[in-house]
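Step one of this worksheet: look at the structure below.
The values are calculated or read from the model by the stated rules, or taken from the named source; none is laboratory data. Bear in mind the structure is a predicted one, so any value in this text is a computation, not a measurement. Note that we place each Cβ from the backbone using ideal geometry, even for glycine, and neighbour counts take in every protein chain shown. When the accessible area is computed, the model is the full protein with side chains, heavy atoms only, and any ligands, DNA or RNA have been set aside. Shrake-Rupley method; radii C 1.70, N 1.55, O 1.52, S 1.80 Å.
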Amino acid sequence: MNPLRRPSDRFESWVRGFLMLVLVLGLPVAALGAGLTAYESSMRTVQTQSAERHQVDARVTSITEEVGENAKQQARVRWTDADGTARTGTTLVTPDTPEGTTVRVWVTGEGAVTSPPMTENQAVTTGWFAGGAAAVGVAAGVFAARVGVRHALDRRRYAQWDAEWNQVEPLWAGRFRR
């Protein structure tokens, strides 16, 4: 044990070791836990949406909104359900799509136009993103704790140094006066 180490130095060393342990053990656990949880939740969404949505061929009846030359435009479409019910809805089509063209649209079981179901790749991406965000959060928390402890200890050390200097300085200053 070094006799020049202050108690605050020993405490800081202990905190640094504890935070390293949290980083080494907590970061992988948090990243894997968050990533797997997000992936499993997204996969349930994939299964639910895949069961509820299906594609149908629909005919463009009219272009309802011109958004721009390169953007998609809204179009009214009409299709017939499996039970023979005629349905209509609004979907986005490419700008060069003329009226009367047949397009594929995703619909719900109730016959409403909807977006495509979430894919397995999107579920994997969601899991990776959540795991990465958890890892960054743990690392940032450890870094913030380390900086906070260091700042608090430094303030205390400087206050002690000032107090000790205030006791010693008058003795030294008087010795060098003429």
All but one of (1) acidic (Asp, Glu); (2) assigned to a strand (DSSP E or B); (3) open to solvent by less than 70 Å² (accessible area, probe 1.4 Å) hold for Asp57; which doesn't? (3)
Going through the range 110-152 in order, the residues found to be touching a residue at least 60 places away in the same chain (Cβ under 8 Å) and acidic (Asp, Glu) are Glu120
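Only one of Thr64, Thr45, Thr97, Thr91 is surrounded by 14 or more Cβ atoms within 10 Å (Cβ to Cβ), more than 25 Å from Ala145 (Cβ to Cβ), modelled with pLDDT under 85 and β-branched (Val, Ile, Thr). Can you tell me which? Quick ask: steps written out before the conclusion?
Numbers: Thr64 fails: surrounded by 14 or more Cβ atoms within 10 Å (Cβ to Cβ); Thr45 fails: modelled with pLDDT under 85; Thr91 fails: modelled with pLDDT under 85.
The conditions single out Thr97.
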Out of all the residues in the range 2-33, which are open to solvent by less than 50 Å² (accessible area, probe 1.4 Å) and over 16 Å from Val142 (Cβ atoms)? Ser8, Asp9, Gly33
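Quick check, is Val77 closer than 30 Å to Leu21 by Cβ and crowded, with 17+ Cβ neighbours inside 10 Å? I'd like the intermediate steps shown before the answer.
Numbers: closer than 30 Å to Leu21 by Cβ: no; crowded, with 17+ Cβ neighbours inside 10 Å: yes.
Considered against the rule, which asks whether it is closer than 30 Å to Leu21 by Cβ and crowded, with 17+ Cβ neighbours inside 10 Å, Val77 comes out as no.
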Which members of the range 146-178 meet the condition of being in contact with a helix residue (DSSP H, G or I) (Cβ under 6 Å, 6 or more places away or on another chain) and either farther than 19 Å from Arg5 by Cβ or of a type in the set (Val, Ile, Thr) (or both)? Val149
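In the range 1-47, which residue that is aromatic (Phe, Trp, Tyr) and without any contact (Cβ under 8 Å) to a residue 12 or more places away in the chain is farthest from Ala134 (Cα to Cα)? Before you say what the answer is, go through the steps one by one.
If we filter the range 1-47 for residues that are aromatic (Phe, Trp, Tyr), which is where we start, we get 11, 14, 18, 39.
In the following step, the residues that additionally are without any contact (Cβ under 8 Å) to a residue 12 or more places away in the chain were identified as 14, 18.
Details: Trp14: 25, Phe18: 19 Å.
My answer is Trp14.
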Name every residue in the range 68-113 that is over 13 Å from Ala58 (Cα atoms), of a type in the set (Val, Ile, Thr) and not in a loop (DSSP other than H, G, I, E, B), in order of residue number. Thr108
Check on Arg53, over 27 Å from the mean Cα position of the chain (by Cα), at pLDDT 95 or above and among the basic types (Lys, Arg): no
